[in-house]
Each structure stands twice: as C-alpha cells, then as structure tokens.
Amino acid sequence: MAKLMHQHQMRALFVRGGSSGSGDDHDGIDGSSTNSSSSSVGASTIETTVISNPITDSDAEVEVPVEAKATERPPLSPSVATQIPKALAAAPTKISTQQPKKQINPKLANAIERTGPALLMLSALYTLLKITGEKGLLYFLIPLMQLGMYSETTGIIEEFKKDVELRAEKWWWFATVFASTTLRALGGGTLFSGLLGVAPATFDLMCFGMVAVGLVVAVAGMASHSAAGPDMFRKYLGELSAFHFSLIFLIGQSSFWIKTIESFGMEWVIFPALLVVVNDTMAYVFGVLMGKNKLLPRLSPKKTVEGFIGAGVSTCAVSIPLLKYFAANFADGSKAALVMGGGEGNLVQHALALAVYTSLISPFGGFLASAVKRAHGAKDFGTLIPGHGGVVDRFDCQVVTAPFVYLYLRSIAKN
C-alpha cells in the first residue's frame, strides 16, 4: 500500500510539472489530483482535465467545454488587496455641519439694490439745489439730463440697426432742437443779443436755418450712399425718424421744466417729480404684495393692475400733505405762491390735479420706454445708475409730466 501511494505521488508530481496548459492546478476530492489544459475552438474554449485515481492507478482525460470570455481582469496582488480596506478605513469621513444658505427673495434683493442709488440721487439733488438754487437746475442739470437721455436712446437704436450710420446727422439734429427749445427757453435770444449783438428774432431765424441745413444733408446723404436703393432708404428714414421722435419726446417735453421754473419757481418742478417717485415706488410695492393681473404683459411684464391702482390711490393720498409742506415754505409774493390764490380749497385742487395726472398718464411714458427697449433688444437704456439703468429709465415718466404741469399752472395762475 505504501508503494502504491508513492507511485501515485510521483505520477501527480510528473503531471503537474509537465503540464503546459493555462489552467490552474486544483486538489481533487479524496486525494485525487487534476491538471487542466485548454484550447480555443470558435467562440468556445475546450478544457482538457487529467484526473489521476490512486485506487485504479490510471489517468483519464476529460474534455469540458467552457464559454469563452472576452476579457478577464487579472486578480489583485495580495499587497493591493490588503491596502484598499485599510485606506478606506483610514479615510476621514466629513460630515457637513453648515446650514444651507437661505436664498434672498429676488424682488427684495432688487429693492435693496435700488434703494441705495435712489437715496444717493436725492441727496445729490438736494445738495445741488442748496448750493446753486434754480440756476443749478436751469443751466446745468436739465441740459445734462437732455444730453444723457438722447445719447442713451440713439445708442440702443444704433446698436440694433448697424446698416446705416447717422452719427453726424443725429448730433446736428440734437443741436437744432436743443437750440430751438432749451436755449430759447433759457433766453437764448437775449443771451445772443447781449454777447453777439444778435436780436431774438434773428436767433429764431438761425434755428430755422439749422433745420433747413439738416434737411438738405439728410436728402443728400441718402442719394450719395453706396447702397442707395429702396431697402437703404427705408432703413435710413426709419433710423432718422426714431432720432426725431426721441428729440420731440425727450428734449421737447423736458424743456418745459425750464419754462415752469422761470414762470412759477422750481418748487413746481420738484413737487410733481416727487409725486412721480411716490407713484413708481408704490406701484412696485403693491405689485410685489398683491399683484396677480398683468397690466400690459407684452410691453412691461412686471407691471400689474393691482400695482397701478394701488399707486394711484397712494399718490393722491400723499399729494395733499406734501403740497401743504411746500406751501408752508413758499415765500410771500414769490413765483411759487402766485398760483395758490389763497385758501385750502385751491391747494387740494392743485394737489389732486397733479396727482391724478401723474398716476393715470405719466406711467405710460414708462410703458413707451419699455416698448422702445423691447423693439431694440435692450434691457435698460444705460448702466449709469446701478439698479435703475440709465437716465431715460429714471426720467421717462418725468418728461411726460413736465408739459402738463406748466400748461396747468399757466391756466390757473392769478397773475
């Protein structure tokens, strides 16, 4: 028996050492040993296994088909296999203890962003008026605002319509309208008469001469354009018309501020301007708190019916005590006091008349400005005032108010 076991062991060692297959050695059951070799046939692998039996002292080869595998990952080495669990165990687990940041309401953030620049503008206006009085408005602030508004409006038009450039023409027309309205309201004829010896009537003739020159230049510019033709004419006239509308709407109407100050005092410019500010602010507040129904969604999606009505009521409520405050500071016999005529009834009448106009009509200046921005793919007219946009964005409703204030005051003035 011992001899038989010795022969079996020797044969098993011979089989293990002489095998050339790729299979692994396995210990068989009951002391038997196996050796495997494999060969590939088509899509399958035939594995040949040699089984040695110590009882019968004979070897048998058995062919076992095994499905071929496309790829087989090599086993991890013992060192790597032991390092992975240790590395995972040693890795620190971070547990965040920070609370998620609360998102600020976009409308509240916008209100906060707008408040600072608005207070800064009011402070600057108050300082300017305190130092310079009416002259600061007449000769500095109003002309500067007109220049800024026209530059912003024509800028977004030119940015949108790049085929035709009218840079020289647009500033010629600005000078023409500025001279005919603002300079004339500032006493341009008298000024030129004193400085250059030009009579007021001659000054008016000079302004008309500027209109005639602009007409000739416009026609000659169209005729001499390199791409002269119906398409170019339409683009040229369309851009020129937009510039002229800007001049009438912005420069023409805002020049009434000058006439109001000269005839009735700057208080009658500041009071309606504050009513517009109140109306705009309360429209925003009521729109945020109660707004559900859009007023003009295609022009100004953020404006609501509730905001429009709430702002109107608020403006009328504020107008009476606000005008009382102004009237208490009117100097006796001053231009500002002339239109009051004495009595509380007149004060209430004037306050409500201006409040109703600034509530019902003035906002449509803002709606028109929104239409211009949407037509030319612009979000704001400019970036001069953070949170507000440009000069036009702040004074679009104010310029609509200016002619009414002057014409109303002139109709009820006692002298």
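Observations, loosely collected:
- Residue within segment 283-295 that is surrounded by fewer than 16 Cβ atoms within 10 Å (Cβ to Cβ) and among the small types (Gly, Ala, Ser) present: no
- Test: Thr154 is in contact with a Lys or Arg (Cβ under 6 Å, 6 or more places away or on another chain) and closer than 19 Å to Ser254 by Cα: yes
Quick grid of which residues meet (1) within 17 Å of Gln398 (Cβ to Cβ); (2) modelled with pLDDT under 80; (3) small (Gly, Ala, Ser); (4) more than 18 Å from the chain's Cα centre (by Cα):
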position	(1), (2), (3), (4)
Pro106	no, yes, no, no
Ala124	yes, no, yes, yes
Leu137	yes, no, no, yes
Pro143	yes, no, no, yes
Thr153	yes, no, no, no
Ile156	no, no, no, no
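- Residues of segment 204-261 satisfying the condition of being under 17 Å from Ile156 (Cα atoms), polar (S, T, N, Q) and in contact (Cβ under 8 Å) with a residue 24 or more places away in the chain: Ser246
- The single residue among Asp396, Asp380 that is out of contact with any strand residue (DSSP E or B) (no Cβ under 8 Å at 6 or more places or on another chain) and of a type in the set (Asp, Glu) turns out to be Asp396.
- In the set Gly382, Gly389, only one residue is free of Cβ contacts under 8 Å to residues at least 60 places away in the same chain, within 30 Å of Arg298 (Cα to Cα) and open to solvent by less than 40 Å² (accessible area, probe 1.4 Å); that residue is Gly389.
- Of all the numbered requirements in (1) open to solvent by 30 Å² or more (accessible area, probe 1.4 Å); (2) modelled with pLDDT under 90; (3) closer than 22 Å to Leu138 by Cβ, Phe404 misses one, and that requirement is (2).
- Against the test of being within 14 Å of Asn279 (Cα to Cα) and among the small types (Gly, Ala, Ser), the options Gly377, Gly366, Gly333 yield a single qualifying residue, Gly366.
- Against the list (1) part of a helix (DSSP H, G or I); (2) of a type outside the set (Phe, Trp, Tyr); (3) surrounded by 15 or more Cβ atoms within 10 Å (Cβ to Cβ), the condition Met340 fails is (1).
- In the condition set (1) polar (S, T, N, Q); (2) in a helix (DSSP H, G or I); (3) surrounded by fewer than 20 Cβ atoms within 10 Å (Cβ to Cβ), Ser254 is compliant with all but (3).
- Taken over segment 309-336, the criterion of being open to solvent by 50 Å² or more (accessible area, probe 1.4 Å) and either outside any loop (DSSP other than H, G, I, E, B) or modelled with pLDDT of 95 or more (or both) is satisfied by Ile309, Val313, Ala317, Val318, Pro321, Lys324, Tyr325, Ala328, Lys335.
The values are calculated or read from the model by the stated rules, or taken from the named source; none is laboratory data. Please read all numbers here as calculations on a predicted model, not as lab measurements. Please note: Cβ atoms are built from the backbone with ideal geometry, for glycine as well, and neighbour counts cover all protein chains shown. Note: areas computed on protein heavy atoms with side chains; ligands, DNA, RNA excluded. Shrake-Rupley method; radii C 1.70, N 1.55, O 1.52, S 1.80 Å.
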